[in-house]
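Just so you know, all these numbers are worked out from the coordinates, no wet-lab data involved. Treat the numbers as computed from the prediction; the structure is a model and nothing was measured. Cβ placement follows ideal geometry from the backbone for every residue including glycine, while neighbour counts extend to all protein chains displayed.
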């Protein structure tokens with residue numbers, strides 16, 4: 001059912017991205033991951049613009065958003081998504097280093113579905129990514145396609 | 001070369017000695033020093049003392065002026081009272097003079113005619129005599145010269161009346177012929193002229209006194225007006241000084257308020273900066289650590305077959321170090337947040353708090369034999385979450401540092417309970433510490449034990465101290481190596497338990 005839907009990972013740090021992908025590989029979901037290097041790219045993907053103009057229509061299963069990113073940061077992306085009726089149903093998981101209450105509070109206020117602090121320890125990181133990927137990408141039943149972005 | 005240098009002192013001496021012959025007129029010099037001393041003294045005072053000295057001076061001036069003016073005015077009023085008395089006295093003297101004169105004249109007519117009717121004025125004077133005398137004595141009270149004259153006048157009046165009485169007796173007994181001579185000349189001619197003289201003297205004395213007092217009053221009045229003007233001037237100076245001081249004070253206050261606001265803004269900016277610093281610490285410093293541990297793990301997985309024991313240990317050390325640094329950063333962030341966080345102020349039930357802490361520590365307590373002594377603690381005022389961290393740290397420490405004991409003893413008790421403050425201690429029989437390092441105990445990242453003895457980042461007691469300080473309390477510790485340690489803290493209580 002959800003097998004075909006992609007997972008968007010927004011991560012500007014290539015090492016973090018590689019580690020996340022490595023973790024997802026163990027779960028065999030890495031092939032579904034679309035990697036974006038900044039917030040602008042995430043928005044391009046969601047609105048099928050620029051390099052993603054020819055992608056298959058439809059919302060991703062979940063978006064993993066880092067907060068601190070160049071150009072457009074994670075909170076701004078989140079605000080845009082939750083302000084758009086077509087994008088609002090997409091589950092958004094904030095996956096970030098920041099433990100600051102300010103970021104946490106703002107994320108939830110903007111409508112984030114979950115907030116995960118990246119653990120320093122790789123094993124914990126792997127299990128976190130695994131669980132998140134499995135839950136949001138496999139287990140969680142997404143909203144009906146009608147409310148997606150397809151025109 | 002030498003001679004000009006030798007001469008130079010002479011030249012320089014001339015201007016030095018020059019002014020001296022001018023200064024000898026000593027009076028201006030001493031006059032100047034007379035003024036300079038108080039001025040120097042005034043300038044040496046602090047501003048508050050200067051104000052006090054100035055005000056005292058002005059007050060003293062006003063007081064002196066008021067006193068002198070009051071006395072002057074009283075003198076003028078007293079003078080006018082004396083004037084009235086003088087006028088009355090003059091009037092009275094005229095009346096007496098006329099009455100005595102009339103009596104003598106009518107008495108003569110009586111002697112000539114034998115008509116009793118003429119004795120009326122004689123009889124009325126005899127009746128009035130005590131009144132006259134009393135009145136006279138009253139009006140000349142306190143003036144000895146006049147009193148002497150009054151005595152003389154009294155005597156003369158008595159003599160006149162006595163002479164007249166004698167004449168009346170003679171006329172009645174022996175007939176007109178016997179008093180013929182007296183009827184022609186008057187019975188008391190000598191006394192009457194004496195009375196005229198005394199009255200004239202007394203009148204002239206009073207007129208002189210009146211004139212003197214008029215001059216005196218005029219001078220006093222002028223004096224008073226001048227003094228009151230000076231007083232008004234002083235009061236004006238005082239008012240002006242008060243106005244100046246108040247204005248100065250207001251300006252100063254405004255300046256201080258502005259300065260405070262500026263500092264506040266600076267502080268706020270500094271705080272913001274600190275916040276963004278800790279934000280970047282939290283975000284950016286942890287990323288490379290994650291990478292170190294992550295890639296070390298990936299590496300281990302990639303080469304797991306070909307790794308020998310040494311290489312495995314190296315990789316493990318890399319991972320452990322990264323994790324440890326991650327822990328340090330997290331602890332530091334908690335510590336820094338502890339200083340900035342908003343604090344609650346509610347009543348906290350420490351007994352309940354400690355029960356939940358022991359419940360949360362149950363996994364650490366497994367396999368340990370610990371005897372607990374926990375006193376009933378009072379309710380304190382503070383932030384429940386922060387106080388939980390305090391007791392969690394202290395109790396976890398006690399558990400940790402007694403881990404080498406076969407039988408551990410941990411005690412939570414009250415050392416002192418004053419009004420408004422309680423001293424609580426947490427005591428253990430663990431490894432203790434050397435009192436010479438007691439000062440380091442509560443420092444950030446200060447540890448008194450090696451990492452392989454007891455683990456920990458060394459932030460716990462720093463947090464304890466910071467939280468207790470924010471509650472307005474103090475922390476200290478006592479210990480002895482291998483005997484145990486006692487940690488004390490004071491907290492504000494809500495109410496006393498009796």
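In table form, for the structure just shown:
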| quantity | calculated |
| --- | --- |
| Pairwise label distance in nanometres, residue B:368 with residue A:135, each label 7 Å out on the Cα-Cβ vector | 3.2 nm |
| Degrees, to the nearest 10: B:350-360 long Cα axis against longest axis of chain B | 10 degrees |
| Cut-off 11 Å (backbone N to label point 7 Å along Cα→Cβ of residue B:421), residues of the stretch B:442-486 | B:472-475 |
| Over the stretch B:98-157, relative contact order from alpha-carbon pairs under 8 Å, at least 6 apart, % | 26 percent |
| Modelled FRET efficiency - R0 22 Å, residue B:162 with residue B:91, Cβ distances, 0.05 increments | 0.25 |
| Spin-label pair residue B:201/residue B:127, simplified geometry with 7 Å Cα→Cβ offset, distance in nm | 3.2 nm |
| Extension gain, residue B:70 back to residue B:316 (0.36 nm per residue minus Cα-Cα distance, nm) | 78.3 nm |
| Surface/4 estimate of mean projected area, convex hull on alpha-carbon atoms of chain B, nm² | 65.8 nm² |
| Net length gained if the chain between residue B:39 and residue B:302 were fully extended (0.36 nm per residue, minus Cα distance) | 85.4 nm |
| Centroid-to-centroid separation of the stretch B:430-478 and the stretch B:128-161 [C-alpha atoms, Å] | 109 Å |
| Relative contact order (%) - chain B, alpha-carbon pairs under 8 angstrom, separation at least six | 10 percent |
| Cα long-axis angle, helix B:460-470 against chain B (0 to 90 degrees, to the nearest 10) | 20 degrees |
| Separation of the residue B:476 and residue B:212 label points, Cα + 7 Å toward Cβ, nm | 8.5 nm |
| Radius of gyration and maximum dimension Dmax of the stretch B:344-492, Cα, Å | 14.6, 44 |
| Average Cα contact separation per residue, the stretch A:7-138, under 8 Å, 6 or more apart, as relative contact order % | 26 percent |
| Förster radius 30 Å - calculated FRET efficiency between residue B:269 and residue B:446 (Cβ-Cβ, nearest 0.05) | 0.45 |
| R0 of 41 Å, Cβ-Cβ distance residue B:249-residue B:435: FRET efficiency to nearest 0.05 | 0.20 |
| Per residue, the convex hull volume that the Cα atoms of the stretch B:189-273 enclose (Å³) | 64 Å³ |
| Angle between chain B longest axis and helix B:189-280 axis [Cα atoms, degrees, rounded to 10] | 10 degrees |
| Intensity falloff of the stretch A:7-138 expressed as log10 I(q)/I(0), Debye formula with alpha-carbon point scatterers, at q = 0.18 Å⁻¹ | -0.97 |
| Ratio of Rg to Rh over the protein assembly as shown (Cα coordinates, Kirkwood Rh, two decimals) | 1.50 |
